[in-house]
1. If you check 45, 50, 30, which single one turns out to be closer than 25 Å to residue 12 by Cβ, among the hydrophobic types (A, V, I, L, M, F, W, C), in contact with a helix residue (DSSP H, G or I) (Cβ under 6 Å, 6 or more places away or on another chain) and touching a residue at least 12 places away in the same chain (Cβ under 8 Å)?
2. Scan region 1-23 and report the pairs whose first residue is at pLDDT below 85 and whose second residue is of a type in the set (Asp, Glu) and surrounded by 10 or more Cβ atoms within 10 Å (Cβ to Cβ), with Cβ atoms within less than 7 Å and a gap of 6+ or a chain change.
3. Which of the numbered conditions does residue 34 fail, given that it passes all the others? Conditions: (1) open to solvent by less than 60 Å² (accessible area, probe 1.4 Å); (2) assigned to a helix (DSSP H, G or I); (3) modelled with pLDDT of 90 or more.
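The values are calculated or read from the model by the stated rules, or taken from the named source; none is laboratory data. The shown structure was predicted, so the numbers you read here are calculated from the model rather than taken from an experiment. Here the Cβ positions follow ideal geometry from the backbone for every residue, glycine too, while neighbour counts run over all protein chains shown. Side chains are part of the model used for accessible areas, which takes the heavy atoms of the whole protein and leaves out ligands, DNA and RNA. Shrake-Rupley method; radii C 1.70, N 1.55, O 1.52, S 1.80 Å.
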Amino acid sequence: MEHRALEPSGPKNATVVAATEHINAAKKHAPNLPQDAYGAFLRTALDVVAEAIFLWDITKRPSAPGPTA
């Protein structure tokens with residue numbers, strides 16, 4: 001998944017680019033994760049975070065620690 005190229009440049013865009021690069025690097029290792037519930041959990045988390053980065057969605061995820069409100 002690529003970052004949104006049409007968004008304005010600046011610190012936020014640089015952060016999104018960096019986050020996308022890190023997620024993509026992590027996803028390259030996803031096939032090495034165990035083929036069990038834990039591996040599935042991590043692969044799903046990578047996909048959810050990648051989508052949130054792409055959409056610039058900073059909504060706190062239900063799986064995040066602490067209060068969600």
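1. Of the residues listed, the single one that is closer than 25 Å to residue 12 by Cβ, among the hydrophobic types (A, V, I, L, M, F, W, C), in contact with a helix residue (DSSP H, G or I) (Cβ under 6 Å, 6 or more places away or on another chain) and touching a residue at least 12 places away in the same chain (Cβ under 8 Å) is 50.
2. As it stands, the answer is 13/7, since those pairs meet every condition given.
3. Exception for residue 34: condition (2).
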